[in-house]
Amino acid sequence: MDAGNIMSQRTERRGIHVDQSDLLCKKGCGYYGNAAWQGLCSKCWREEYQRVRQKQIQDDWALAEKLQREEEAAYASSHGVQTQSTTPPQPGHASLGPFSKFEEKKTNEKTRKVTTVKKFFSPSSRTASKKETQEGKTSPSISRHASFDTDQVSKDFVEFLKNLQKPGREIHKQCRAFLVNMSSKKDLGADELSECVQDFYQNLADRLMTHFKGSSESVEQVMDQVEKYIMTRLYKSVFCPETTDDERKDLATQNRIRALHWVTIQMLCVSMDEEIPEVSENVVKAITDIIEMDSKRVPRDKLACITRCSKHIFSAIRITKNEPASADDFLPALIYIVLKANPPRLQSNIQYITRFCNPSRLMTGEDGYYFTNLCCAAAFIEKLDAQSLNLSPEEFERYMSGQASPRCSSAEGEWPHTGQGAGVAATNPVLAQLNHNLEQLSSISSRQEKVMEAAQSLQADLLSWTESVQREVNDILEKYPLTCTVSAIDANNIDNDNLPPPLTPQVFAG
């Protein structure tokens, strides 16, 4: 097969490719989009969300007015006779009574639902009563049962704000007021809670921009600390709330990744050779970082884990290819890392970052880019099929059902390898370890058979040697028989008197 056909086959088999323009907002604003926001960036999504919400409120009012008119018409038709016999204003007042109550109720409902934190920055909030302040201090969601980490974050936040002096005290006051307000909104849905937090971010950022006279770097530093303080406090109540199906999605994604344990690095066309020690080390670090994401409470810290994971992936690709990694190489490798790691509560973490992270961090920069790719990887895993992996539907079903498993093979028709270590096929680590163990067991079995054969041969040799020695002894005994004679001194019939006398010493005179 010539080089042109190989490249053509490799291009044809690369089933994972996302155009970089697909990562951007669908409205063309230039910021990164998000699947959770229907392909829009956070700014465009909030505008769209508020527009739809406002339209829904208007539709509700229109429906209310229509129902009121129908009620008035029905009332007028049923009381036509009384209307003619009495003064006209009274029926009108009777009919306006229910409408007035309905309008008052609808206005209160609208005020309750359309939440905003603008009131936090109004003079009335600055002159809150001491009673409300005391209630805020004793709120269970703020001070009671606070963990060590939460207390430490609060101390760090206060120390940071001391450098800002008077603005720092005002920021701390607004954050406390916001937390008190949020503690009474536990029954709201996740989108409403997200809207409250994002409104608070936006209003505070606007005030800080005025204070710092347009210094975006200073504003970003303060907003990072505010996000850390606010979200550490709210984490338990807003992460994977009961009003959402985040937990169900987490279980579905986890089971999906487990079912795809057989997917090999070649099927995804990943340009990484795990046989290279440095590449293997980066892969392990990437897996560790993506798993560590779930242990963080602050959206910014979760994003930092994603960023570190992505940088380790880029390093692994660069070492394998001996050249800088491209965006086309990154996404398949990220999908492979997610499949190997099976991160805990992946969907909940993605939704948490989407809802409560500082929106400017998701719209631009490397954090936004890597997070957008992680969302794409999660969506790809959910929709992964035979065509995505360049498999036939029959093969895909056999692998999914466990009836077959792809093996490393050098036979014809093997998946095309990429990178410098193309001669060594790297499979799923679990399957690779299993194959390695089977090979070792097979080797040990063959060695055991050889040892048994040698032992049996040695036993036969020992038996034959014993028999040959016995034969030689017998031959010698036959040839040279032994004759046993009794000594006179030991005979039974010897008279002791006939024994010679003992020797007597003789003395010679000198």
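The values are calculated or read from the model by the stated rules, or taken from the named source; none is laboratory data. Owing to the predicted nature of the structure, the values given are computational and were not obtained by experimental measurement. Cβ placement follows ideal geometry from the backbone for every residue including glycine, while neighbour counts extend to all protein chains displayed. The accessibility values were calculated without ligands, DNA or RNA, using every heavy atom of the protein model including side chains. Shrake-Rupley method; radii C 1.70, N 1.55, O 1.52, S 1.80 Å.
Assorted remarks:
- Segment residue 466-residue 76, extension gain: residue separation times 0.36 nm, minus the distance between their alpha carbons: 127.6 nm
- Using only the C-alpha atoms, the convex hull of region 207-288 corresponds to 199 Å³ per residue.
- In sequence order, calculated HN-Hα J values of region 472-477 (Karplus, 6.51, -1.76, 1.60; Hz; x Gly/Pro): 4, 5, 5, 4, 5, 5
- Under-27-angstrom lysine pairs by C-alpha in region 166-301, whenever the two are 8 or more apart or on separate chains: 26
- Carbon/sulfur fraction of accessible area - region 234-345, other protein chains in place, 1.4 Å, %: 49 percent
- Here region 168-211 exposes an accessible surface that is 48 percent carbon and sulfur, computed with a 1.4 Å probe and the other protein chains kept in place.
- Where region 226-289 is the region considered: accessible area per residue in Å², 1.4 Å probe: 43 Å²
- Sites listed here are GluC sites (Glu not before Pro) in region 233-282 whose DSSP assignment is loop and whose Cβ has at most 10 other Cβ atoms within 10 Å: 242.
- Net lengthening on full extension, residue 296/residue 163 (0.36 nm per residue, minus Cα-Cα): 45.2 nm
- The residues packed around residue 307, meaning those with a beta-carbon under 9 Å from its beta-carbon, carry a net charge of -1 if Lys and Arg are +1 and Asp and Glu are -1.
- The Cβ shell under 14 Å around residue 280 holds other residues with a net charge of -3, Lys and Arg each +1, Asp and Glu each -1.
- Cα gyration tensor, region 140-295 - rounded (a/c under 1.5), prolate or oblate: prolate
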